[in-house]
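Below you'll find the structure, written out as structure tokens, and then a few comments.
The values are calculated or read from the model by the stated rules, or taken from the named source; none is laboratory data. Computed from a predicted structure; not experimentally measured. A quick note on method: Cβ atoms are made from the backbone with ideal geometry, for glycine too, and the neighbour counts reach across all protein chains shown. Heavy atoms of the whole protein, side chains included, go into the accessibility calculation; ligands, DNA and RNA do not. Shrake-Rupley method; radii C 1.70, N 1.55, O 1.52, S 1.80 Å.
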Amino acid sequence: MRQWPNYGDDRNKGWCVFCGGPAETRDHTPSRVFMDEPYPRNLPIVPSCHICNSSFSLDEEYLSCLIECARTGSVHKARVARTKVERTLNRKVALAKRLASARHKSARGIFWQPEDERVRNVIVKLARGHIAFEQNEPHLDEPTSVSVLSLCVMADEAREEFESPPNFESWPEVGSRAMHRTLVGAEDEYPWIKVQPHRYRYMVTTGPFMVRIVIAEYLAAEVVWD
């Protein structure tokens, strides 16, 4: 993906975009656990403290494996689908068993029971990273709403609405990366910024601030701050 400069307000830089603490390190947003090697060039990076940079790792690992299990239908097939998932599940037997126990059968087919708090934790973290990177507007407060759903269960009308930018979009902050994309007419990056094809894409808008995320063309998420 192309890398754009950020000339936004300096008062919104230099501290952890996840908690507001000291910017002791940098964190990829999205996390590389959701992508395959070779990784794309110019991955977005945001300032982070050491605690935030490491504290989300287990939940991100869990969500990455859960998505492949749900997308393919089983823990075994998830191993086959992605080498990275195979390595993780072979290394962490307890996680593999935990995911296997989340698989259930019903008259309507197979469904997975996620650990909702862990999923929400990761989605909000990713959204905070995207909105800080694109809009130069870190959001440390709790979002107004968080929704997570599989793309395959969306009705056609809901899917069309999710894929399109909302009508209430307003101008991003002057100097931000989002403003640069708008001014140069980067149509190939609008409305979705494709970090890695078929693996990860996201959209950020203002008025209100909103982040939409699609992982593995399977999991769809929306985070809104009014």
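Could you tell me whether VAL33 is of a type in the set (A, V, I, L, M) and open to solvent by less than 60 Å² (accessible area, probe 1.4 Å)?
Criteria met by VAL33.
Being surrounded by fewer than 19 Cβ atoms within 10 Å (Cβ to Cβ) and either of a type outside the set (Lys, Arg) or not in a helix (DSSP H, G or I) (or both): is that true of ILE67 here?
Taking the combined requirement at face value, the residue does not satisfy it.
Filter the stretch 132-153 down to the residues that are among the β-branched types (Val, Ile, Thr) and closer than 22 Å to CYS69 by Cα, then identify the one that is least open to solvent (accessible area, probe 1.4 Å).
The selected residue is VAL148.
On the given criteria, is VAL211 touching a helix residue (DSSP H, G or I) at 6+ places or on another chain (Cβ under 8 Å), open to solvent by 40 Å² or more (accessible area, probe 1.4 Å), under 23 Å from GLU61 (Cα atoms) and at pLDDT 90 or above?
Against the criterion (touching a helix residue (DSSP H, G or I) at 6+ places or on another chain (Cβ under 8 Å), open to solvent by 40 Å² or more (accessible area, probe 1.4 Å), under 23 Å from GLU61 (Cα atoms) and at pLDDT 90 or above), VAL211 does not qualify.
Looking at the stretch 36-47, which of its residues are open to solvent by less than 60 Å² (accessible area, probe 1.4 Å) and either more than 16 Å from the chain's Cα centre (by Cα) or more than 19 Å from ASN136 (Cβ to Cβ) (or both)?
Once the filter is applied, which keeps residues that are open to solvent by less than 60 Å² (accessible area, probe 1.4 Å) and either more than 16 Å from the chain's Cα centre (by Cα) or more than 19 Å from ASN136 (Cβ to Cβ) (or both), the stretch 36-47 yields ASP36, PRO40, PRO47.
Taking the residues in the stretch 16-44 that are in contact (Cβ under 8 Å) with a residue 40 or more places away in the chain and not in a loop (DSSP other than H, G, I, E, B) as candidates, determine which candidate is farthest from ILE123 (Cα to Cα).
Out of the qualifying residues, it is ASP27.
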